[in-house]
1. Which Cα, out of A225, G242, I200, lies furthest along the positive dipole direction of the stretch 197-251 (beta carbon charges, K/R +1, D/E -1)?
2. Classify the stretch 205-252 as rounded, prolate or oblate from the Cα gyration tensor: take a ≥ b ≥ c as the square roots of its eigenvalues, call it rounded if a/c is under 1.5, otherwise prolate when a/b beats b/c and oblate if not.
3. Give the cross-link partners of K240 among the lysines, using a straight C-alpha distance below 20 Å as the criterion and excluding same-chain residues fewer than 8 apart.
4. Return the aspartates and glutamates within reach of K52: Cα separation strictly under 16 angstrom, same-chain partners fewer than 8 residues apart disregarded; answer none if there are no such residues.
5. Can you run phi through the Karplus equation (6.51, -1.76, 1.60; θ = phi - 60°) for the stretch 74-89 and list ³J(HN,Hα) in whole Hz, with x for Gly and Pro?
6. Please compute the length gained on full extension between T157 and I22, using 0.36 nm multiplied by the number of residues separating them and subtracting their Cα-Cα distance.
7. For a Förster distance of 30 Å, can you work out the FRET efficiency between the beta-carbons of A198 and D43, rounded to the nearest 0.05?
Amino acid sequence: MEASLSTIANAPDLAAIERALIGGDLEPLSVDQRLSYYRALCDSLGLNQLSKPFAYIKLNGKLVLYATKDCTDQLRSIRQVSVTDLEVREVAGLFVAVAKGSDSSGRCDMATGAVSCDKLAGEARANAMMKAETKAKRRLTLSLCGLGIIDESEIETAPGARVVEAQSVPVPALPARAEVAHPAGQPYRLPNGRPDSAGIGSALISAMNLIDLKSIWEAASPIIAEIEDVKKINELNAIKDGKKVELVKANA
């Protein structure tokens with residue numbers, strides 16, 4: 001997970017990365033950055049990325065990932081999600097399914113799935129009922145796993161939603177990075193006086209050569225030594241090591 005995130009962070013367009021991680025829009029990212037994000041997400045959930053657990057959808061003007069059937073099936077197995085109760089009722093021309101369940105930790109939750117059944121009869125009506133049940137169970141699974149993303153069964157009812165194939169996603173042109181290396185032989189001064197781990201990470205990413213990278217790390221070392229979160233320290237080390245590899249390759 002840390003290595004994948006550092007791969008994303010090593011890309012030059014920090015504005016695009018911010019839009020992806022904070023704003024949820026993957027479109028500004030390059031193909032490599034999207035793949036790194038996809039792998040990091042799969043790794044964090046323990047999903048087999050080769051089975052296509054996520055796919056692209058254009059929703060509310062943003063390119064985002066949605067969970068496929070394979071995603072929810074894998075998550076139910078990994079997290080041992082059990083549906084303990086499933087109730088379907090007809091309300092105002094809708095089949096409304098309410099699923100209740102729990103995971104291996106004992107956490108309980110419930111979710112609802114609704115499908116229009118107005119003027120339907122026979123097999124079409126039966127399919128609508130089963131579809132409502134499927135929606136409820138998949139939404140329950142995603143909720144228990146802490147994933148606030150749209151499910152495959154919800155796409156057709158999401159206003160303006162459009163599935164996008166990977167090969168048709170536009171690849172933005174990334175701007176060249178300005179050369180801002182500090183004067184040789186002078187110690188690097190971290191911006192903003194005493195930055196947090198995110199500020200240190202940004203400084204490491206901005207290094208233009210190995211001398212810069214070494215100076216930034218030396219300047220940040222006293223602050224890093226006081227960080228109690230081991231995960232943040234590991235992330236900074238991963239960013240530094242990834243940046244070093246990138247600079248070595250660039251100068252090869």
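Coordinate-derived values only; no laboratory data. Just so you know, these numbers come straight off a predicted model, no measurement behind them. Cβ: placed from backbone, ideal geometry, glycine included. Neighbour counts: every protein chain shown.
1. G242
2. Numbers: a/c = 3.82, a/b = 1.80, b/c = 2.13.
It is oblate, given that a/c is not under 1.5 and a/b is not larger than b/c.
3. Reachable lysines: K214, K231, K232, K249.
4. D43, D70, D73, D151, E152, E165
5. 5, 4, 4, 6, 5, 8, 6, 7, 10, 8, 8, 7, 9, 10, 10, 9
6. Gain on extension, T157 to I22, equals 46.1 nm.
7. Numbers: r = 21 Å, r/R0 = 0.70.
For R0 = 30 Å, the calculated efficiency reads 0.90.
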